[in-house]
Structure formats: structure tokens, C-alpha cells
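Comments concern the structure below.
The values are calculated or read from the model by the stated rules, or taken from the named source; none is laboratory data. Model, not experiment: these values are computed from the prediction. Heads up, the Cβs are rebuilt from the backbone with ideal geometry, glycines too, and the neighbour counts pull from every protein chain shown.
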Amino acid sequence: MSAAELYERARELHSAGRAAEAERFYREVLDIEPDHAGALQGLGVLCLQTRRIDPAVTYLGKAAQAEPGSATLFNNLGVALTVARRPAEAAEAYRKSLAFEPNAAETNINLAAVLMELSRFDEAAECFEAALRLRPGNVELNMTLANACLRAARFERAAAAYDAALKLRPGMAEALCGLGEALGALDRHEEATAKFEQALKLAPNVAIIHYNYGSALTFLGRLDEARRAYETAVRLEPWVPSYRYALMALKEGTNDDSDLKALESMAASAARYPVPEQAELHIALAQAYDGRGRHREAFEHLRAGNAIKRTLVGYDEAKELARFRRAAEVFTRAFLAAHEGEGDPDSRPVFIVGMPRSGTSLVEQILASHPAVFGAGEQSILQDVAGPDFSSGADWRALGEAYAARLQALAPAAARITDKMPGNFIYTGLIHLALPNARIVHVRRDPHDTCLSCYSKLFSGTVNYAYDLAELGRYYRAYEALMAHWRDVLPQSVLLEVSYEALVAGLEPEARRLIAHCGLDWDARCLEFHKTRRTVRTASAIQVRRPLYKDAIGRAQPYLPWLGPLQAALAGTT
């Protein structure tokens, strides 16, 4: 028989499910024509079907070399590489397939799946979008698209896709839970809570729904309900570090022995968890030990959790500290004087700046307890309109107007609106030129207490300098130097300094200073800030619901023996 005849016979046998006979004929073809693309592909697919993954990759790779223009072949190679757990190579193969056949829904789905595995969520979402255009009205594709958009922080699109899935198939608990997550990320926590409650009626024993419900309740200040939700999640899936991490944060040292024993048991086999969950596990255990005064053990787990987290974030220290120097170089006293009054005269914005965990959330809660003030929380508006770099030739009025318009949209009737993005301290000079009538409040706390508090949290945002004590100390030192520059070059009426320790020692006089700085009449409700009902979406969401307390002052003292790298960096010796 000729190679062509053998190949046709192999295909017939393959289609009939007679794998062993088909393989023999494929191999006979290759004995005659070693580069026969069809036989190589057939043999590769057959090996894939019989779970011989490495040979499948080899044969399909050779087939792709022999026939480099086949969409089907490259898709099959991608499938083999996916099963072989080689996602980056699989993505390349799928892209080659789509270059020849861009409207292949299945290939777009395959590519999206490996991109999700590679944490390339934006690209995955685009592939799911392409597949959905080819298969409109597909519930599963709407769900996978929504999940990708959620991971890519494209929350509006995620919410729309979850909503579409629910219209196609009402009563999907998974879709309701995802929609709740997306709405929560958009600061629509009341709506998110309602979605989680709907989901729980449909699936009362699904732990992730209870966990997400607990998060939404925490942001809303419904802490007792949040605790019960987290406890239910832990009861349903006691082995999940994320649930225990959230519960430990809410308990704040009041955990019992069962919490500690469970966490110790989990930590003994920490390597079996995904890397991000290992970090959460260590930090949760650190909190449990800290609550019992076992500081050495607590710090060991703080160090372990932070070391893991540091491997997961990108932080370019040289680039970040160069931005600090650039800000001071651009916004000199002479430069500020030369452009004084060029910005938008809007007086509504109040910027609360400083280091994370320094008391900025407390200050915002006090201000937001005034009836004329809306607390907008941590807004990224300034970074969006100003960009990451500092220009000496900006249109200050246009920049101020762009910021003010977006901020006002959050609370059109408010006389003052707070923006509590701590890292905006780097933009202080820019803020003054773009919004000369805005008020800036700088909150300071003891450096050791601030830095240890940062080191004790796993942030969801861009606080990527917080997971190494030396990097954290150098960042703090640079921040301190830049704030000294702003104090030197800005008018005193613009920048108010608030000491966290002074605020705790004397709430009313400090609160009165804050309100007066914002140009408002005094209101006694500011002294009962913990009773104010508002959404707080920061790591301090729990603390600001409590009356003023002094526990956090001197927090770093028991840990000083292990803070050498931080102390050296703060002193400027590293």
C-alpha cells in the first residue's frame, strides 16, 4: 500500500475508535514519509486521546513544522500543551491558530483559559468577548467573561456579563455571587449585599458566598453580621486560608484556642496551598499569636507571610523613590509662586494624605460625620487625571476642573468631599496648583507603629513596598523627607498636620481643628464618628466603627527586637 492509502486506512480506523490499529497504520505512513503532516497530526491526536501527553506534543509539534498554515493543527497543539501544563507555549499555539481562523469560537475559548492561568486577565476577557460574539446568548461564556473581567478589575463589564447570564438563566447562585462581587468593587455595597442574600437563599451551604457576604457587611459597618458570615464560611470550608484571614482581622485578638489550633494545623502543611493563600495563612496565624502576646511566634509568621507576598508583587524601588525626588525638584517654592492661582478655584475637595495605617481612615470618618461632608474614601481620580509623572508645563486649571468634576459626581450636594487616598501625598504640590482652594490634611503616626501595622496587612492595592522591612523603611524615610519639603514650600493655610497620637489623646480639640481647617462650623456629631453609617472600603473598615481607643499606640514596642532592618532603613544607614 502507498503512504496515501495507509493514511486513509489509519483515518478510517481512528474514526471507528480502533486506536491501536490506527496507530499502527499512522506509523507505517511515517516509515515511508517521516514528515507526513496528516499522519503526524493523527498520531499526535491519538496520543492525546490516550493520555500520552509528551508524545502528543512531540508529534503535533512536528506536524506544525511540516504544515505551518493549519488552524486546526495549531489548535490541537495548543490543547496538548495545555494538558502538558505548558500554558505560555499553548497560548502561542492558539494565537497561531487564530491567525489563520480568527472566528473559531473554540480556539478563542481555549486561548482565554490558558491566559487566565497565566493571570493575563485583560487578554483573556478579550478572547471570551470574541467567543461570545460568535456564540451570542451563551450562558457559560457570559459567566467566563464575567469572571475574567472581575479578575481584570473591569467591574462594570463584569457586572453586565453576570447580569446577562442571569437573564438567560435566572436563579444562578454563582452568577448572583459574582454580580455581588462586581457591585462591591464598584462601591455599591448595599446592592452587593442584596445579591449575596439572594444567592444564599439558593445555595445556603456555599462557603464563598458567605465569605463575600461578610466582606460586604464589613464595608457597611454591620460587623456582628459580618463575623457570623465569616464564621459560617469557616465552618463550611475550614481549610481555606482566605476565610480564616478575614475572620482573624474581624476578631482583632479575641480569637479562641480553636482558631489557633486550626491555623497551626494548616500551617504545618502550608506548601499544599496556592502561594497567595500561604501568605494569608501566615498573616492570620501571626494575628492569632499576637492576640495572645506570643510576639516572637507572631513575628516569625509575619516575616514568612510578607516574604511570600513580596514574590507576588512588582515593586521597583529605584523608580518609586525617584518619583519622590522629581516631585520636590519640580514643585519648588519659586515654581509654586509663579503659578499661584492658575488652578480651578473649587473649594470642595479635601485631601487626606499620609502613610497607610497612619490614621487617615479615622480622620476621614471624623470629617464624614459632619453633615456637610461626604467621605468618598480612597479615590484614584487624581492619579487618573494627573498621570504617574510630574510635568512642569501642565494646564493647572484644566487638571483641577477634570478632578473636581469627577469628585463632585460622587456627591453633587456636598459642601466638602474627602479623598482619602494616602499615597496622594506625593501629589501635594500638584494639588495646590490645580486646586488652590482645596484643603489638605496630612496624618502622621509613630514611624515604627505605622510600618509594623503596614507589615501586618496584605493589601489589595498598590502598597507593594510594605512586604520587606528595609524597603518599607526606605519608603517611609523618603515620604517623610517629601512631606518636610511640602511643609517648607506650601502656605500654612493649605496643609494641616494631624498627629494620630494627639488625636487619640484629645479628640475634641483635634476634631475642631480639622473642621475649622475645612472652613466649616463645628458639629458635635464628629465626636461620635463610630456611629456614622457609611461605606468604608479600607483595611481600617473595622477600627473606625469602634469608639476611640489607645491600643494601637506603641504597637511596635514588643516587636522592636526583630525590626532591625526597618530601624536601619529609617535611620538612613541602609
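Considered as a group, the residues in segment 381-414 that are under 19 Å from residue 324 (Cα atoms) and either in contact with a Pro (Cβ under 6 Å, 6 or more places away or on another chain) or small (Gly, Ala, Ser) (or both) include one that is surrounded by the fewest Cβ atoms within 10 Å (Cβ to Cβ), and that residue is 393. Screening the candidates 296, 326 for the property of being exposed (fewer than 15 other Cβ atoms within 10 Å of the Cβ) and either outside any helix (DSSP H, G or I) or in contact with an Asp or Glu (Cβ under 8 Å, 6 or more places away or on another chain) (or both) yields one hit, 326.
The set of residues in segment 114-166 being not basic (Lys, Arg) and not in a helix (DSSP H, G or I) consists of 118, 119, 136, 137, 138, 152, 153. Condition check: modelled with pLDDT under 95, surrounded by 14 or more Cβ atoms within 10 Å (Cβ to Cβ) and of a type in the set (Gly, Ala, Ser). Does residue 511 satisfy that? Criteria not met by residue 511. Checking the condition closer than 20 Å to residue 186 by Cα, in a helix (DSSP H, G or I) and among the polar types (S, T, N, Q), which residue from 218, 232 passes? From the options 218, 232, the qualifying one is 218.
Restricting the first member to segment 554-573 and to residues that are more than 16 Å from residue 299 (Cα to Cα), and the second to residues that are modelled with pLDDT of 95 or more, the beta-carbon pairs closer than 6 Å and six or more apart or on different chains are 569/470; 569/473; 569/474; 570/447; 570/473; 570/477. Of the residues making up segment 436-475, those that are in contact with a Pro (Cβ under 6 Å, 6 or more places away or on another chain) and either buried (at least 21 other Cβ atoms within 10 Å of the Cβ) or outside any loop (DSSP other than H, G, I, E, B) (or both) number 5. Could you list, in sequence order, the residues of segment 476-504 that are assigned to a helix (DSSP H, G or I), under 22 Å from residue 362 (Cα atoms) and in contact (Cβ under 8 Å) with a residue 24 or more places away in the chain? Across segment 476-504, the qualifying residues are 476, 479, 480, 483, 500, 501, 503, 504. Per the conditions (1) among the charged types (D, E, K, R); (2) under 30 Å from residue 313 (Cβ atoms); (3) over 27 Å from the mean Cα position of the chain (by Cα), the sole criterion not satisfied by residue 86 is (3). Here's a check for you: in segment 43-64, which residue that is touching a residue at least 24 places away in the same chain (Cβ under 8 Å) and under 22 Å from residue 99 (Cα atoms) is surrounded by the fewest Cβ atoms within 10 Å (Cβ to Cβ)? Among those that are touching a residue at least 24 places away in the same chain (Cβ under 8 Å) and under 22 Å from residue 99 (Cα atoms), it is 62. Residues that are part of a helix (DSSP H, G or I) and among the acidic types (Asp, Glu) within segment 76-113 comprise 89, 92, 106, listed in sequence order.
Among the residues of this structure, residue 67 does not count as one that is under 34 Å from the mean Cα position of the chain (by Cα) and over 15 Å from residue 131 (Cα atoms). Considering the conditions (1) within 23 Å of residue 219 (Cα to Cα); (2) in contact with a Pro (Cβ under 6 Å, 6 or more places away or on another chain), residue 378 is excluded by exactly one of them, (2).
The residues listed here are 86, 18, 27; of these, the one that is charged (D, E, K, R) and within 20 Å of residue 113 (Cβ to Cβ) is 86. Among the residues of segment 15-24, are any in contact with a Phe, Trp or Tyr (Cβ under 8 Å, 6 or more places away or on another chain) and either surrounded by 15 or more Cβ atoms within 10 Å (Cβ to Cβ) or assigned to a helix (DSSP H, G or I) (or both)? No, segment 15-24 has no match at all. Kindly indicate which of 217, 183 is closer than 23 Å to residue 142 by Cα and in contact with an Asp or Glu (Cβ under 6 Å, 6 or more places away or on another chain). When all the criteria are applied, what remains is 183.
Of all residues in segment 437-479, exactly one satisfies the criterion of being under 13 Å from residue 569 (Cα atoms) and in contact with a strand residue (DSSP E or B) (Cβ under 9 Å, 6 or more places away or on another chain), namely 479. Just the residues that are outside any loop (DSSP other than H, G, I, E, B), of a type in the set (S, T, N, Q) and in contact (Cβ under 8 Å) with a residue 60 or more places away in the chain, please, taken from segment 359-401. Within segment 359-401, 360, 361, 365 qualify.
Against the condition under 20 Å from the mean Cα position of the chain (by Cα) and aromatic (Phe, Trp, Tyr), how does residue 155 come out, does it pass?
yes
Within segment 329-352, the only residue that satisfies the criterion of being within 25 Å of residue 363 (Cβ to Cβ) and exposed (fewer than 15 other Cβ atoms within 10 Å of the Cβ) is 345. Restricting 323, 348, 333 to residues that are in contact (Cβ under 8 Å) with a residue 12 or more places away in the chain, within 28 Å of residue 556 (Cβ to Cβ) and among the charged types (D, E, K, R) narrows the list to 323. Can you pull out the residues in segment 329-358 that are outside any loop (DSSP other than H, G, I, E, B) and among the acidic types (Asp, Glu)? Result: 329, single match.
Per the conditions (1) surrounded by fewer than 22 Cβ atoms within 10 Å (Cβ to Cβ); (2) in contact with a helix residue (DSSP H, G or I) (Cβ under 8 Å, 6 or more places away or on another chain), the sole criterion not satisfied by residue 284 is (1).
In summary, residue 34 fulfils each of the numbered conditions (1) assigned to a helix (DSSP H, G or I); (2) of a type outside the set (A, V, I, L, M); (3) surrounded by fewer than 16 Cβ atoms within 10 Å (Cβ to Cβ) with the single exception of condition (1). The set of residues in segment 389-407 that are within 28 Å of the chain's Cα centre (by Cα) and either among the small types (Gly, Ala, Ser) or at pLDDT 95 or above (or both) comprises 399, 400, 402, 403, 404, 405, 406, 407.
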